[in-house]
Amino acid sequence: MKFQKIFTVLILLIVLCTPTVLAADEEIVASVNGKQITLAEYYQRLEQEAGAIILNQMIIEELLLQKQIETNIEVTEDDLSMALIEIITQVGGFEGLQYYLYQTGMSEDEFLAQLELNILISKLAENEVQVTDEEIEAWFYENKNLFAFEEEVEASHILVDTEAEALEIMELLNSGADFAELARTRSQDTYSAINDGQLGYFSKGTMVEPFEQMAFSLDINELGMVESTFGWHIIKVTDKQEAREATLEEAWEQAKRSLIAAKTLDPYAYIDKLRQEAEIEIYR
């Protein structure tokens with residue numbers, strides 16, 4: 001969408017400047033080893049290349065629109081939210097996303113429009129994939145390692161700024177204070193504080209190292225205290241799950257999604273497929 005807007009502006013400039021170009025064919029815009037490039041030559045190349053890019057984009061958009069109408073596939077708010085959460089996680093949080101937008105020069109609206117388009121392409125491509133129960137079962141046994149349960153712990157934490165605060169809270173907890181209440185009222189991690197400090201289950205490699213090492217070393221209902229780059233954590237482990245293989249029944253839906261993803265064309269290949277199947281005539 002961003003490129004389309006940019007090149008639309010360029011085309012408008014071409015139209016607006018046409019009289020000037022015709023009247024100033026010999027105006028020089030550059031010189032290379034004495035060879036001059038005129039304004040007329042510059043605008044001619046600009047019109048040719050920008051026009052081809054815009055036309056190609058319009059053809060792709062029309063192909064996708066026709067396929068969307070044919071299949072009645074929509075991009076929902078849940079689709080957008082899940083994709084956005086995944087991207088924010090990949091780029092290191094909301095600040096990372098803001099930095100990405102700054103680096104690319106995209107506005108939030110342009111980014112969301114592009115994200116919606118990418119999701120639509122993925123859903124359209126996925127819609128054309130069919131898998132049988134036999135294929136899902138075979139895929140599971142061929143890739144059992146993909147569906148195994150990793151070692152996990154379930155933990156809650158209270159995050160504070162100083163060691164003194166952490167020691168104070170540890171003393172209160174050891175004296176019988178309620179962990180959930182202290183998490184709600186004292187934790188600096190506002191996201192987990194509203195859930196009594198609960199972080200849910202997590203596997204190795206998903207938390208900062210000092211926190212992770214402490215959490216996996218604790219027994220169920222044991223308390224621990226550790227410092228990380230975020231501050232001081234008081235950790236309480238509430239459950240542990242050992243690593244194990246999944247059964248076919250447990251992994252069925254995951255195996256099905258994995259197989260469909262493996263058989264789905266990537267966006268570029270899918271668009272090429274739509275172009276090959278369509279009757280496209282270009283008149284200029």
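Summary of values
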read-out: Tally of residues being more than 16 Å from residue 232 (Cα to Cα) and touching a helix residue (DSSP H, G or I) at 6+ places or on another chain (Cβ under 8 Å) across region 163-176; value: 0
read-out: Those residues of region 61-72 which are loosely packed, with under 15 Cβ neighbours inside 10 Å and either assigned to a helix (DSSP H, G or I) or in contact with an Asp or Glu (Cβ under 9 Å, 6 or more places away or on another chain) (or both), in sequence order; value: 61, 62, 65, 66, 69, 70, 71
read-out: Qualifying positions in region 108-129 - over 21 Å from residue 66 (Cα atoms) and without any contact (Cβ under 8 Å) to a residue 40 or more places away in the chain; value: 108, 109, 111, 112
read-out: Long-range neighbours under 6 Å by Cβ, at least six apart or interchain, first residue within 16 Å of residue 26 (Cα to Cα) within region 41-52, second modelled with pLDDT of 85 or more and among the aliphatic types (A, V, I, L, M); value: 42/29
read-out: Considering residues of region 199-225 that are closer than 24 Å to residue 172 by Cβ and among the charged types (D, E, K, R) only, the residue surrounded by the fewest Cβ atoms within 10 Å (Cβ to Cβ); value: 219
read-out: Strands (runs of 3 or more DSSP E) contained in region 134-232 and holding at least 1 residues more than 30 Å from residue 255 (Cα to Cα), modelled with pLDDT of 95 or more and over 29 Å from the mean Cα position of the chain (by Cα); value: 152-160, 223-228
read-out: Qualifying residue in region 142-155 (condition: over 21 Å from residue 241 (Cα atoms) and in contact (Cβ under 8 Å) with a residue 24 or more places away in the chain); value: yes
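The values are calculated or read from the model by the stated rules, or taken from the named source; none is laboratory data. Keep in mind the model is a prediction, meaning the values are calculated, not measured. For neighbour counting, all protein chains shown are included, and Cβ atoms are generated from backbone atoms with ideal geometry for every residue, glycine included.
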